[in-house]
Every structure is written in C-alpha cells, then in structure tokens.
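Student: Dropping the structure in here first, questions after.
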Amino acid sequence: MRLTKLKLAGFKSFVDPTTISFPSNLVAIVGPNGCGKSNTIDAVRWVMGESSAKHLRGDSMADVIFNGSNSRKPVGRASVELIFDNSDGKLGGQYAQYNEISIRREVSRDGTSHYYLNGRRCRRRDITDIFLGTGLGPRSYSIIEQGMISRLIEARPEELRVYLEEAAGISKYKERRRETENRMRHTLENLERLEDLREEIAKQLEKLRRQARTAERYRELKAEERQVRGELILLRHRALDEQMAKARHEVRETELAIEAQTAELRAVERRIEALRAQQTDAAEAHSRVQARFYEAGAEIARLEQSITHARQTRERQQQELGEASQALQEAEAHIRVDRERLESLARELAEKQPALAELETQAAEAAQRLQESESAIRAWQQAWEALTQALSTHRQTAEVERARIDQLERQIR
C-alpha cells in the first residue's frame, strides 16, 4: 500500500486547496525555511490520528487551522486527506477489495473533529486499526523527521522493543491481545458483579416472597372488601329507592300545593289590578276635586282682597265722616255767630252729596259681592265657617256704617 496523494485545505499555511502527488517511491520537497515543508509531515501525522497539539508544533488543536495573514482572512475549518494505492490488495479485511483507500480528517474552530474512511464517517480507532502492523502511524518510525534518528539510537529498551515489534508486524497482534485481555478482565469483573447481584437478588427474592404472601392476603381482603362494599351499596340502593319514592310523593304534593298557591296568586293579582284601576280613578277624582279646591281658594283670595279694599275704603270714608261731623259740630256752635259760615258749610255739604251717593253705591255693591262669596263658600266647603263668620262680621260692620251714614245724613238735614 503506497501513498499517492496528499490533499490539504485550510491546514496551517495551506489556506487554498492544495494537492501534493507522490508519483514514485522517492519524492522530495525542497524550499527555503518557513515555506511550509514541515507542515506536510504535520498534516500526515494529524490525519492519522495525532491528538497532541505539542507534536504538531502548536498550543491547541485549533492552531492547525489557518489564522489569517495581512492579505488573507482566517478560515473556519481545516481538512487533510491521504489517498493510498491498494491495487495489490495488501490491506486485508473488508477494505482489501478497494484499489484506492481515502483517509480524511476535518476540524472546525468550535472544536468538532470528524474522520472519514473512503468518504464514510468513522472513528479514530478505525483509522488506527488500518495502520497497525504497517509501520505507519502518527508517531511510528516510518515518519522520520528531525531528531527521529537520535530518538531511535537513544531509545530505552522498552521503547526500542515497541519499534521492533512494529517493524516485525506483530504490534497489531499485541494490540489485539491487549484488547482481548482487557475484555477478559472486564468479563471477570462483570462475573464478580454478577455474583454480588445474585446474592443481592436472592435477598430480594426472600423479601419479594414475603411481599407476595402479603399481596395474596391483600387480594383476599380486597375481594372480601369488594363483596362487603357491594352488599353495602345494595342496601344503600334500596334505602335510596325508598327515599326516592317518598321524595316523589312529596314532590307531587308540593306540585299540587304550588298549583293551588299559583291559582290564589293569580286571583290576588286580578284583585290587585282591580284595586289599581280603582286607585287610578280615585286619583283622577282627587285631582279634579283638588283642582276645584284650588280654584275656590283662588276665588276666596280674590274676594278677600276685594273685602280688604272695601274695608280700607270704609275706613277712609269713616275718617272723612268724622272730619265732616267735627266740622258740623263746629258749624252748629258758630251758626248763631256767623251766618256766612253756615252758608259755607251748606255749600260744602252740597259738594259732598255726590260723594256720599257714590259711597252708598259702593257699599251696596260690596254687600252684594259679600253675599255671593258667602253662598259660594257654603257650596264648596263647610270648613270655611270661620271665614263666613268673618264675612258676617264685616257685613254687620257695613250695616253699622250704613246706619251711621243714615244718622249722619239725618243730622245734616
């Protein structure tokens, strides 16, 4: 199996996809210091499963990704692929039928790393198993770099033994033996654990037997409980049937009572409606009576105002009559002394005669209005007897005044 191609993309200084071909068994890479010659060896180690950043001349695994330069931006992932020629079928196992073997590894800046074998995802262990016994590997003697010869010469016996076993092709068998011993050790440990589990399970079985007997007793008691509960439910059902029948009878009686109460309620509602109609009629009659009462009150107020006016007129006339009487007395006292004074009084009397006639007319009209008011008050309400008495008093006063006027007239004559 011979390496034919090395494909790099984003790995260290190989920012652009680069393919390095190996057309023969002897190929040399020549260039000045710092051009990236050693990066090709690091790429081969890395794709074969190297997990130590120190052996790749870096501080972390993310350092294998191109970090950028003055003219180029950094990239997000790195990829390296090895292509081997297997046309002679030296690679055994399931890959012996393939003429070409492709091994690829990718890593991104978030730390995720993937391996691919002939384009299919695989484990790092699958890559390592392919190169067991071939001398190839991330730290095998097949990759001779700077300081490798001195490490071989100065190697301790156990380290040299590893290199010799790898060269003899028995490393893969030792690896298989180691894995088998590990599996056997794990199997013995599992057997010991199984013995412990068997003892623990035996203890739990006894506990489970006691729990089973308890569960069986529980089932028996549960069945008895279900039977007793069923009988209790049956008895309760019968009692409920009796209560239901009694309740139905009470419901029927209640319904009859409700119907009777409803009939009475409807009769009461009809009576209420009739009373409401009567109340409405009474309210209307009361409104009419009240209106007539207010009209009578207004008429009485108007008559009282007229009586007051007549009273004031009489008082004024009485005052004038008093003055006339005083003048008449003075005239009678001086009649013998002064005839001229008598004639003057006669002329004054003649002048006051029309006024006296007018006063008599007003008194007659006031008396007539007083009679009309008294008849109206007696017709509307008997509660106004006090007012009627007052009117009678005024009428008597008017008669007295009339008598006094008549007496005055007789005195004047």
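The values are calculated or read from the model by the stated rules, or taken from the named source; none is laboratory data. The structure presented is a predicted model; accordingly, all values stated were derived computationally and were not measured. Please note: Cβ atoms are built from the backbone with ideal geometry, for glycine as well, and neighbour counts cover all protein chains shown. The area values use the complete protein model at the heavy-atom level, side chains included, leaving out ligands, DNA and RNA. Shrake-Rupley method; radii C 1.70, N 1.55, O 1.52, S 1.80 Å.
Student: Need pairs with beta-carbon distance below 6 Å; first residue farther than 16 Å from Ala9 by Cα and within the stretch 24-43, second outside any loop (DSSP other than H, G, I, E, B) and at pLDDT below 80; sequence gap 6+ or separate chains.
Tutor: Ile29/Lys37; Gly31/Lys37
Student: Of the residues that sit in the stretch 9-43 and are in a loop (DSSP other than H, G, I, E, B), of a type in the set (S, T, N, Q) and closer than 26 Å to Lys73 by Cβ, which one is least open to solvent (accessible area, probe 1.4 Å)? Break it down into steps so the answer makes sense when it comes.
Tutor: Residues of the stretch 9-43 that are in a loop (DSSP other than H, G, I, E, B), as a first pass: 10, 12-13, 15-17, 22-36.
Add one more test, that the residue is of a type in the set (S, T, N, Q), and what stays is 13, 24-25, 33.
Within this subset, residues satisfying the condition of being closer than 26 Å to Lys73 by Cβ are 13, 33.
Values: Ser13: 62, Asn33: 152 Å².
Ranking the candidates gives Ser13 first.
Student: Specify which of the listed residues (Ser60, Ser79) is under 16 Å from Asp110 (Cβ atoms), at pLDDT 85 or above and of a type in the set (Gly, Ala, Ser).
Tutor: Ser79
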